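Chemist: Can you read through this structure? Questions will come right after.
The values are calculated or read from the model by the stated rules, or taken from the named source; none is laboratory data. As the structure is a prediction and not an experimental result, all values here were calculated from the model. Quick reminder, even Gly has a Cβ in these numbers, built from the backbone with ideal geometry, and neighbours come from all protein chains shown. Ligands, DNA and RNA are stripped out before the accessible areas are found, and what is left, the full protein with its side chains, is counted by its heavy atoms. Shrake-Rupley method; radii C 1.70, N 1.55, O 1.52, S 1.80 Å.
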Amino acid sequence: MLRFFTAGESHGKGIFAYLEGIPANFPLDFDFINGELSRRQKGYGRGGRMKIERDRVEFLSGVRLGKTLGSPILMAVWNKDYKNWEEIMKPEPGELPPEKRVTRPRPGHADLSGILKFGFDDIRNVLERSSARETAGRVAAGALCKNVLRELGVEIGSYVVSIGSVKIEEEEVKELSLFERFKRAEESEVRVPLPEKDNLFKEEIDRARREGESLGGTFVVFAVGMPPGVGAHTQWDRRLDGRIAQAVMSIQAIKGVEIGLGFKGAELPGSKVHDEIFYSKEKGFYRETNRAGGLEGGMTNGEPIIIKAAMKPIPTLYNPLRSIDIETKEPFEASIERSDVCAVPAASVVAEAMLAITLLSAVLEEFPASDFNRLKRWWEDYRKEVMSR
Ligand code: EPS
């Protein structure tokens, strides 16, 4: 069983990811893992903070001479910005002048519910952890899981579909394979599969910036190469569709998750929703459509897993929204110094990480190997068995 947690505050010393259950003897690709961290930092619409941070992972445990030990893996992504925040964020005892306390909750953030729940009089005690800076830890752990999955023949990717009111219609990309869409998204500053449309998206983001607004959007995240039968129909918490939805929904600002046709399937008759089953000697059982998004009955069905997610606009925006100061109980209009305008491209990279963690976790439940080479043998045997039926 894979266990995964993160720790760390946005302006604290660093963001940390803990992974337990990764089999031993896996040779890590450090460049790949650091490359994933820098993919998360990119994207048109990020704010000043991304000019400060140059995220890289440092392994603090569980890895020796480039290979996993089978023991808990602790990864650190140090915050360069900490040096500017040390007085406010240091763990040692100290008193802050009252004006350094944050007392103005931002609508749409964890701020207000967080101080009420934990009994704080400084919103910073909430916002430091609710910040999406935490996703650096998710991507570090996700990159490691992705690295393992790649060696098992599973590839994960994503692309942005819409930002604000600008979107790419399915019709426009229907001739492109998932990999082609992904490859093109990697070339695009907004991670869209039609880079010639980059400017439309960028103009939308520029307009939002000028108007003091923030923007959300939608993206697709996919996995190709999973054999049928991972996950299970036998109990609610083993159903892989539910687990993936939870993992993606847990990303900051995600408000909707669809699998395959998703909500659209509810408008169509069954004959236009379900994927008919075919058989040939070469391919075994196969489908000509993938409306189920690769998941039926809480299990993979061998087709690509296709998830779509919706991100709300970032709630820290320059355009003031009405709120109430927690100390004076007086209304105020929030003003901020620094924020992203749009983080949809970054969120799509984070969703890849969450999908990788969830899939590898399900794989390791099916094949609980302590040694990566054994996992690989079991996995390949299983793949042969289900493909040759
Ligand atoms: C975030 C606010 C901004 C973002 C941050 C998420 O940070 P700051 O308050 O330091 O300007 O840049 O995202 C990251 C730091 C990151 O690494 O993604 C928030 O409030 O969620």
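Chemist: Mean-square fluctuation check for the chain, GNM, Cα pairs under 10 Å: which of Thr316, Thr300, Thr289 is largest?
Modeler: Maximum among the listed residues: Thr289.
Chemist: Calculate, for Asn373 and Met50, the FRET efficiency according to 1/(1 + (r/R0)^6) with r their C-beta to C-beta distance and R0 35 Å; round to the nearest 0.05.
Modeler: 0.35
Chemist: Eight or more residues apart or on different chains, and alpha-carbon atoms under 20 Å: count the Lys pairs in segment 139-222 matching that.
Modeler: The number of close lysine pairs in segment 139-222 is 8.
Chemist: To continue, here is another question. Of Lys83/Lys255; Lys264/Lys312; Lys100/Lys312; Lys42/Lys90, which ones are farther than 22 Å apart at the Cα?
Modeler: Lys83/Lys255; Lys100/Lys312; Lys42/Lys90
Chemist: Running a GNM on the chain with Cα contacts under 10 Å, which residue among Gly302, Gly212, Gly270 ends up with the highest mean-square fluctuation?
Modeler: Its mean-square fluctuation being the largest, the pick is Gly270.
Chemist: A follow-up question, please. Leaving out ligands and nucleic acids, note down the accessible area per residue over the chain with a 1.4 angstrom probe, in whole Å².
Modeler: I get 50 Å² per residue for this part.
Chemist: Determine, from the Cβ-Cβ distance of Glu380 and Leu268 and an R0 of 56 Å, the FRET efficiency 1/(1 + (r/R0)^6), rounded to the nearest 0.05.
Modeler: 0.90
Chemist: To the nearest 500 deg cm²/dmol, what mean residue ellipticity at 222 nm is calculated for the chain from DSSP H runs of n ≥ 4 alone, each contributing -39,500 (n - 2.57), summed and divided by the residues?
Modeler: -10000 deg cm²/dmol
Chemist: Please work out whether segment 57-165 counts as rounded, prolate or oblate from its C-alpha gyration tensor, where a ≥ b ≥ c are the square roots of the eigenvalues and a/c under 1.5 means rounded, while otherwise a/b larger than b/c means prolate and anything else oblate?
Modeler: Oblate, since a/c reaches 1.5 and b/c is not below a/b.
Chemist: Could you give the angle, 0 to 90 degrees to the nearest 10, between helix 135-151's Cα long axis and the longest principal axis of the Cα atoms of the chain?
Modeler: 20 degrees
Chemist: Let me ask something else. If you roll a 1.4 angstrom probe over the protein chains with everything in place, what fraction of the accessible area of segment 3-387 belongs to carbon and sulfur, to the nearest %?
Modeler: Here it works out to 52 percent.
Chemist: Taking Cα atoms, how many degrees apart are the long axis of helix 30-41 and the longest axis of the chain, rounded to 10 and kept between 0 and 90?
Modeler: 50 degrees
Chemist: Taking the chain as the reference, fit the longest principal axis to its C-alpha atoms, fit the long axis of helix 372-387 to the helix C-alpha atoms, and give the angle between the two in degrees, 0 to 90, nearest 10.
Modeler: 50 degrees
Chemist: Most fluctuating residue of Ile22, Ile73, Ile324 in a GNM of the chain with Cα springs under 10 Å: which is it?
Modeler: Ile324
Chemist: If you don't mind, another one. Show me the ranking of peptides 168-180, 347-359 by mean Cβ neighbours inside 10 Å, starting with the highest.
Modeler: The peptides rank, most packed first, as 347-359, 168-180.
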